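To keep things clear, I will list the structure first and then write my remarks on it.
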Amino acid sequence: MSLPAYPAYKDSDVAWLGEVPEHWELKRLKHCFRLLTEKTNRRENPVALENVESWSGRFIKTETTYEGDGVAFERGDMLFGKLRPYLAKAYLTENDGEAIGDFHVLRPKEVTYSRFSQYQILNREFIDVVDGSTFGAKMPRVSWNFLGNMILTVPSFFEQQTITNFLDRETAKIDELIAEQQRLIELLKEKRQAVISHAVTKGLNPDAPMKDSGIEWLGEVPEHWEVMPLKRDLVFLTSGSRGWADHYSDDGAIFIRISNLTRDSIKLELSDIQRVAVPIGTEGERTRVRPGDIMFSITAYLGSVAVAHEKLEAAYVSQHVALARLGHRYLLPEWVGYVSLSIVGKTYLETQGYGGTKIQLSLDDVANLLMTVPSINEQSAITAFLDRETTKIDELINEAKKAIELLKERRTALISAAVTGKIDVRGLVADKLAVE
């Protein structure tokens with residue numbers, strides 16, 4: 001979308017704002033909002049940030065434990081996160097309530113249209129300046145003194161409404177496109193799961209004679225296949241040692257954690273790795289990964305798996321990862337990996353790992369993981385097929401993820417351009433507002 005600029009500009013004398021429309025005012029944030037600090041005994045809709053690992057911009061209702069600990073707010077007030085991980089997130093309140101947690105409670109003044117100011121505060125350049133101002137080594141936070149002195153552009157109240165309506169409309173369109181790409185990603189993941197499950201339970205030959213597997217949820221399998229537990233071809237099974245966090249270092253061997261295993265692929269995810277200085281002794285050698293070893297998550301994210309490839313550098317497993325080594329009499333490592341990702345592995349792990357109050361797997365659970373077993377040659381052919389097909393699907397997923405990132409960048413750029421006056425959107429919505 002190509003949008004016009006304003007007829008005339010002036011220098012704002014603010015580096016991140018640059019030039020702004022000539023008729024716009026510039027005010028400090030404290031002249032647009034009043035900071036609320038008075039504690040309250042209000043009971044309605046208490047909200048808190050404590051114990052929240054991430055914040056989407058919505059608040060969590062709490063019990064009356066927090067009654068009287070927070071600051072009263074009214075509908076239309078703005079709550080601004082002043083402490084990471086909530087830093088620079090802004091939420092316009094929809095109801096009266098009590099705010100508990102590390103954020104500033106702001107009430108708009110007469111010159112301020114709150115929704116417009118929210119777009120300003122969510123502007124990437126604004127957030128970068130706030131991020132750069134934080135103090136406190138362990139829990140960086142932004143002070144009201146700094147935030148209150150941030151410069152905001154202040155068009156007329158009517159123009160703030162006009163720009164806001166434009167951004168509401170255009171960002172809603174972008175958000176829907178993002179949602180479409182996210183739905184596509186979920187469909188592609190479902191397709192990948194279906195392709196893997198069909199291949200490891202039915203094979204590639206649609207005309208192959210079938211037989212009852214003897215397992216109700218598995219149904220029929222090709223007549224010449226066997227079904228057996230993984231332990232029939234295991235020669236070694238262990239898990240990592242405790243206390244290796246004491247050996248973390250910037251150099252050394254890779255320390256494989258649960259985050260390095262996924263439910264989407266049999267490949268290790270090594271974009272974020274931890275390294276260790278391996279302790280001397282048998283414990284180090286016992287937990288060392290060899291090419292072809294299979295790794296399973298056993299304490300969280302059950303169903304995550306990976307197969308060690310030939311070129312993997314020296315690596316060791318954590319206490320939350322089981323390390324399995326095959327005798328290669330009946331099974332290929334890659335076949336075990338794909339079966340683990342399929343409906344076979346998923347069903348087994350759900351019944352073993354999540355039965356009752358149990359939230360982890362024992363090594364016996366891993367050893368008894370059910371395997372469908374064609375010949376080694378057929379396993380090789382099927383895993384090669386799955387490598388190709390899952391690669392195609394992964395490429396489509398990556399394209400959708402890139403599209404999402406581009407859409408998010410477009411959204412950010414559009415907001416920034418509109419609230420700093422780099423584009424003039426008045427002609428696109430002003431007539432509609434006048435009619436309404």
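The values are calculated or read from the model by the stated rules, or taken from the named source; none is laboratory data. Source: prediction; values computed, not measured. Heads up, the Cβs are rebuilt from the backbone with ideal geometry, glycines too, and the neighbour counts pull from every protein chain shown.
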Could you count how many residues in the stretch 4-33 are among the aliphatic types (A, V, I, L, M), under 36 Å from the mean Cα position of the chain (by Cα) and exposed (fewer than 15 other Cβ atoms within 10 Å of the Cβ)?
1
Could you list, in sequence order, all residues of the stretch 173-192 that are buried (at least 17 other Cβ atoms within 10 Å of the Cβ) and closer than 30 Å to THR372 by Cα?
ILE185, LEU188, ARG192
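Would you check if ARG329 is over 17 Å from GLY240 (Cα atoms), charged (D, E, K, R) and either over 25 Å from the mean Cα position of the chain (by Cα) or modelled with pLDDT under 95 (or both)?
Numbers: over 17 Å from GLY240 (Cα atoms): yes; charged (D, E, K, R): yes; either over 25 Å from the mean Cα position of the chain (by Cα) or modelled with pLDDT under 95 (or both): yes.
Against the criterion (over 17 Å from GLY240 (Cα atoms), charged (D, E, K, R) and either over 25 Å from the mean Cα position of the chain (by Cα) or modelled with pLDDT under 95 (or both)), ARG329 qualifies.
Of everything in the stretch 6-39 that's among the aliphatic types (A, V, I, L, M) and either in the same structural domain as PHE146 (by TED's automatic domain parsing) or at pLDDT 95 or above (or both), which residue is nearest to VAL130 (Cα to Cα)?
Taking the stretch 6-39 as the starting set, the residues that turn out to be among the aliphatic types (A, V, I, L, M) are 8, 14-15, 17, 20, 26, 29, 35-36.
Filter once more, so that each one left must be either in the same structural domain as PHE146 (by TED's automatic domain parsing) or at pLDDT 95 or above (or both): 8, 20, 26, 29, 35-36.
Details: ALA8: 29, VAL20: 20, LEU26: 18, LEU29: 12, LEU35: 17, LEU36: 20 Å.
The qualifying residue nearest to VAL130 (Cα to Cα) is LEU29.
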Just name the residue that is farthest from PHE385 (Cα to Cα) out of those in the stretch 232-247 that are modelled with pLDDT under 85 and surrounded by fewer than 16 Cβ atoms within 10 Å (Cβ to Cβ).
ASP246
With the requirement that a residue be surrounded by fewer than 16 Cβ atoms within 10 Å (Cβ to Cβ) and either farther than 17 Å from VAL307 by Cβ or not aromatic (Phe, Trp, Tyr) (or both), what does the stretch 382-392 give you?
ALA384, ASP387, ARG388, GLU389, THR391, LYS392
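Run down LEU428, LEU407 and say which single residue is modelled with pLDDT of 95 or more and under 15 Å from GLU170 (Cβ atoms).
Values: LEU428 fails: modelled with pLDDT of 95 or more.
Testing whether each residue is modelled with pLDDT of 95 or more and under 15 Å from GLU170 (Cβ atoms) leaves just LEU407.
Which one is nearest to VAL235 (Cα to Cα) among residues in the stretch 309-331 that are among the aliphatic types (A, V, I, L, M) and surrounded by fewer than 21 Cβ atoms within 10 Å (Cβ to Cβ)?
LEU326
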Cβ-Cβ distance below 7 Å, separation of 6 or more or different chains: which pairs start in the stretch 76-96 with a residue that is over 16 Å from PHE126 (Cα atoms) and end on one that is among the basic types (Lys, Arg) and modelled with pLDDT of 80 or more?
ASP77/ARG107; LEU92/ARG115; THR93/ARG75; GLU94/ARG75; ASN95/ARG75; ASP96/ARG75
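Select from the stretch 362-392 the residues that are small (Gly, Ala, Ser), more than 23 Å from ALA300 (Cβ to Cβ) and touching a Leu at 6+ places or on another chain (Cβ under 9 Å) and list them in ascending order.
Going through the stretch 362-392, the residues small (Gly, Ala, Ser) turn out to be 362, 367, 375, 380-381, 384.
Next, only the ones that are more than 23 Å from ALA300 (Cβ to Cβ) stay: 375, 380-381, 384.
Correct list: SER380, ALA381.
On the basis of being part of a loop (DSSP other than H, G, I, E, B), at pLDDT 75 or above and out of contact with any strand residue (DSSP E or B) (no Cβ under 7 Å at 6 or more places or on another chain), does GLU125 make the cut? Steps first, please.
Values: part of a loop (DSSP other than H, G, I, E, B): no; at pLDDT 75 or above: yes; out of contact with any strand residue (DSSP E or B) (no Cβ under 7 Å at 6 or more places or on another chain): yes.
Considered against the rule, which asks whether it is part of a loop (DSSP other than H, G, I, E, B), at pLDDT 75 or above and out of contact with any strand residue (DSSP E or B) (no Cβ under 7 Å at 6 or more places or on another chain), GLU125 comes out as no.
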Among (1) in contact with a Ser or Thr (Cβ under 8 Å, 6 or more places away or on another chain); (2) within 22 Å of GLU223 (Cβ to Cβ), PHE385 falls short only on (1)
Among the residues of the stretch 251-269 satisfying the criterion of being more than 17 Å from GLY345 (Cα to Cα) and acidic (Asp, Glu), which is modelled with the highest pLDDT?
GLU269
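Could you say whether any residue in the stretch 248-262 is within 30 Å of LYS191 (Cα to Cα), loosely packed, with under 14 Cβ neighbours inside 10 Å and not aromatic (Phe, Trp, Tyr)?
We begin by selecting, within the stretch 248-262, every residue within 30 Å of LYS191 (Cα to Cα); these are 256-262.
Now drop any that are not loosely packed, with under 14 Cβ neighbours inside 10 Å, which leaves none.
Within the stretch 248-262, none of the residues are within 30 Å of LYS191 (Cα to Cα), loosely packed, with under 14 Cβ neighbours inside 10 Å and not aromatic (Phe, Trp, Tyr).
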